[in-house]
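The values are calculated or read from the model by the stated rules, or taken from the named source; none is laboratory data. Because the structure is predicted, anything quoted here is derived from the model rather than measured. Note that each Cβ is placed from the backbone with ideal geometry, even for glycine, and that neighbours are counted across all protein chains shown. Accessible surface areas use protein heavy atoms only, side chains included; no ligands, DNA or RNA. Shrake-Rupley method; radii C 1.70, N 1.55, O 1.52, S 1.80 Å.
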Amino acid sequence: MAAFGNTSGESTKAKDKDISLREDLAEIRKDASAVREDLGTLKSDATQMASHATHEAIEAVRHGAQSAGEMAKSVGESAKQCHTALTEKVSQRPTASVLLALGTGVIIGRILAARR
């Protein structure tokens, strides 16, 4: 009868072990479900961040292009003003302007010839 008693004790241990395994599996399923939900949230957050970063980059490029356009316009206006002022000076003193240009050409020619 002692052997029969052992079988009952072993059967109870097996049932306890089976119940413990089922509880562990249920807990693992809950954890897997939580991980799946977290991954979904992470995916959504990453998508939103990428969308926001793209929007910010587009706005930065747009702002940079606008600033560059304004700067080019400003430089163009300054160049026109300088050209107008230079044209007026040459018109006021044509002989002096020609002599100044000739003298500048001679100086630059001598500098270049000295370097050879």
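Per-structure values
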{"read-out": "Condition met for Ala113 (open to solvent by less than 60 Å² (accessible area, probe 1.4 Å) and on the phi < 0 side of the Ramachandran plot)", "value": "no"}
{"read-out": "Selection status of Ser91, of a type in the set (Gly, Ala, Ser) and surrounded by 10 or more Cβ atoms within 10 Å (Cβ to Cβ)", "value": "no"}
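Residue-by-condition table, conditions (1) open to solvent by 80 Å² or more (accessible area, probe 1.4 Å); (2) of a type in the set (Val, Ile, Thr); (3) touching a residue at least 40 places away in the same chain (Cβ under 8 Å); (4) part of a helix (DSSP H, G or I):
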{"site": "Leu21", "(1), (2), (3), (4)": "yes, no, no, yes"}
{"site": "Asp24", "(1), (2), (3), (4)": "no, no, no, yes"}
{"site": "Leu39", "(1), (2), (3), (4)": "yes, no, no, yes"}
{"site": "Thr47", "(1), (2), (3), (4)": "yes, yes, no, yes"}
{"site": "Arg62", "(1), (2), (3), (4)": "yes, no, no, yes"}
{"site": "Glu70", "(1), (2), (3), (4)": "yes, no, no, yes"}
{"site": "Ser74", "(1), (2), (3), (4)": "no, no, no, yes"}
{"site": "Thr104", "(1), (2), (3), (4)": "no, yes, no, yes"}
